[in-house]
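The structure appears below as structure tokens.
The values are calculated or read from the model by the stated rules, or taken from the named source; none is laboratory data. In this text the structure is predicted, and so the values were computed from the model without any measurement. Positions of Cβ are backbone-derived with ideal geometry, glycine not excepted, and every protein chain shown enters the neighbour counts. What goes into the accessible areas is simple: the full protein's heavy atoms, side chains included, and nothing from ligands, DNA or RNA. Shrake-Rupley method; radii C 1.70, N 1.55, O 1.52, S 1.80 Å.
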Amino acid sequence: MNRLPAPGSRAGVDHELLDQLAAQVRTLADAYLTQPPLALVGPVWQLRREVFELLEKSRRPSLTAPLYSLAGRLCALIAHASADLGDPVAAETNTRTAWLCAELADDDSLRAFLRWVQSNVAYWGGDYPLAAQIAHSGRRHATKGSNLLRLVSAEARAWAACGETRQVEAALTVARAARENDGVDDQPGVFRFSPAKAAYYASEAWLALGGESNARLAVREAGESLQLLEAAVPAQRSPELLAAARLDLCNAHLALSDLDAAAAELRSVLALPADNRTGPIVGRVVAAAHTLESGVFTRSALSRELLGEIALFRAYPARRDLSDALS
């Protein structure tokens, strides 16, 4: 990625520099899908610092809002990475800064993304009602496209964890329509919420509601997600999204007592490098472990083997405390 001129080497900000910044943010957003979050924290943080330095000396009102929008996206990437790396404090701090940028830029797309990040932090922290409420509140900033798909998918998953069947079905109805009408979305990389990702969110929602019929729906959705993700060109395949879909398929198979099918999906994920073992991935692995420890599987030698492999996987997570580094 090309570096910006050193602070102070330009008298001000022009459209050429703004275009260069936008291209760099796009590159980082694309890279988030294929590189471990920790590898991107440094480059994102450096570019964020440079953008804020440019904002301090910008004297052209027509460029101020776009600069704030780019700064907000960089803060949002840091917030997302912090959440993935198990540092909710850094996630919340950077979300607040990003939200201020979104307000100054009047950027609804950024607001929608940030509500999703906040909902995810609440969800993986176990506060499912709050996660659902945050995602629902974000809908005011997203009426179509992947922004809407992102929020209703998160809402459905969170309501499912609360056991609220009616709210889940309502949110998934909106999500399904958004998936079927998916068109060209010009948001780069991680800022676009793909139908593949929505499918594995739906899988988690059906599985959380319980029952054999819902577990079969979960298998179908996770399988669809995996097919879509594997169809991507190699340079755009996200190891973490693939792992999430495989783990959702694993957990759905476990709900149907199909241990052999579950083991095949699980073991492909347990080989994931440590830097890719984000909080959401580990959370799904923990869910599989809890099921394997239940009465249905306690006498199975395969189950015991898998639990040993899971213990080793969990000993080397990507978790990091980023609060000091990003202050």
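All of (1) closer than 21 Å to R192 by Cα; (2) in a helix (DSSP H, G or I) hold for E56 with one exception: (1).
Residues that are open to solvent by 20 Å² or more (accessible area, probe 1.4 Å) and either without any contact (Cβ under 8 Å) to a residue 40 or more places away in the chain or hydroxyl-bearing (S, T, Y) (or both) within segment 64-103 comprise T64, Y68, S69, P88, E92, T93, R96, T97, W99, L100, E103, listed in sequence order. When the test is whether a residue is basic (K, R) and within 24 Å of N94 (Cβ to Cβ), R320 passes it.
Are any residues in segment 255-268 aliphatic (A, V, I, L, M), buried (at least 18 other Cβ atoms within 10 Å of the Cβ) and free of Cβ contacts under 8 Å to residues at least 40 places away in the same chain, and if so, which ones? Outline the logic, then answer.
Just the residues of segment 255-268 that are aliphatic (A, V, I, L, M), to begin with: 255-256, 259, 261-264, 266.
In the following step, the residues that additionally are buried (at least 18 other Cβ atoms within 10 Å of the Cβ) were identified as 255, 259, 262-263, 266.
Across segment 255-268, the qualifying residue is only A262.
Would it be correct to say that S323 is open to solvent by 70 Å² or more (accessible area, probe 1.4 Å), outside any helix (DSSP H, G or I), more than 21 Å from L207 (Cβ to Cβ) and modelled with pLDDT under 95? The answer is no for S323. Across segment 100-114, what is the number of residues that are under 18 Å from P188 (Cα atoms) and charged (D, E, K, R)? Summing the residues that are under 18 Å from P188 (Cα atoms) and charged (D, E, K, R) in segment 100-114 gives 3. It is to be established whether one or more residues within segment 63-80 are under 18 Å from the mean Cα position of the chain (by Cα) and not in a helix (DSSP H, G or I). So far as segment 63-80 goes, no, none of its residues is under 18 Å from the mean Cα position of the chain (by Cα) and not in a helix (DSSP H, G or I). Of all the residues in segment 33-55, those that are modelled with pLDDT of 95 or more and within 15 Å of the chain's Cα centre (by Cα) number 0. Applying the condition of being in a loop (DSSP other than H, G, I, E, B) and in contact with a Ser or Thr (Cβ under 9 Å, 6 or more places away or on another chain) to segment 28-44 and asking which residue is nearest to D87 (Cα to Cα) yields P36.
Residues in segment 162-189 that are among the aliphatic types (A, V, I, L, M), at pLDDT 95 or above and farther than 16 Å from E221 by Cβ: A170 only.
Condition first: modelled with pLDDT under 95 and either assigned to a loop (DSSP other than H, G, I, E, B) or surrounded by 17 or more Cβ atoms within 10 Å (Cβ to Cβ) (or both). Now tell me which residues in segment 18-27 satisfy that. Matches in segment 18-27: L18 only.
Pairs are defined by a Cβ separation below 7 Å, a sequence spacing of at least 6 or placement on different chains, a first member in segment 31-57 that is closer than 26 Å to R237 by Cα, and a second member that is open to solvent by less than 30 Å² (accessible area, probe 1.4 Å) and hydroxyl-bearing (S, T, Y); the pairs so defined are L33/S238; T34/S238; P37/T278; L40/Y32.
Entry remark, segment 306-318: residues being in contact with a helix residue (DSSP H, G or I) (Cβ under 6 Å, 6 or more places away or on another chain) and either part of a loop (DSSP other than H, G, I, E, B) or among the polar types (S, T, N, Q) (or both) number 3 in total. Residues that are more than 23 Å from G210 (Cα to Cα), in contact (Cβ under 8 Å) with a residue 24 or more places away in the chain and part of a helix (DSSP H, G or I) were ranked within segment 276-305; the one that is least open to solvent (accessible area, probe 1.4 Å) is N276.
Would you confirm whether or not segment 125-140 contains a residue that is open to solvent by 20 Å² or more (accessible area, probe 1.4 Å), more than 16 Å from the chain's Cα centre (by Cα) and touching a residue at least 40 places away in the same chain (Cβ under 8 Å)? Scanning segment 125-140 turns up no residue that is open to solvent by 20 Å² or more (accessible area, probe 1.4 Å), more than 16 Å from the chain's Cα centre (by Cα) and touching a residue at least 40 places away in the same chain (Cβ under 8 Å).
Collect the residues in segment 88-120 that are of a type in the set (A, V, I, L, M, F, W, C), in contact with a helix residue (DSSP H, G or I) (Cβ under 6 Å, 6 or more places away or on another chain) and at pLDDT below 95, keeping them in residue-number order. Hits for segment 88-120 are A90, A91. The residues in segment 261-305 that are polar (S, T, N, Q) and within 18 Å of the chain's Cα centre (by Cα) can be counted, and the count is 2. The residue of segment 81-114 that is nearest to the chain's Cα centre (by Cα), among those that are outside any helix (DSSP H, G or I) and under 16 Å from N147 (Cβ atoms), is D107. Of all residues in segment 250-275, those that are assigned to a helix (DSSP H, G or I) and either of a type in the set (G, A, S) or in contact with a Gly (Cβ under 6 Å, 6 or more places away or on another chain) (or both) total 8.
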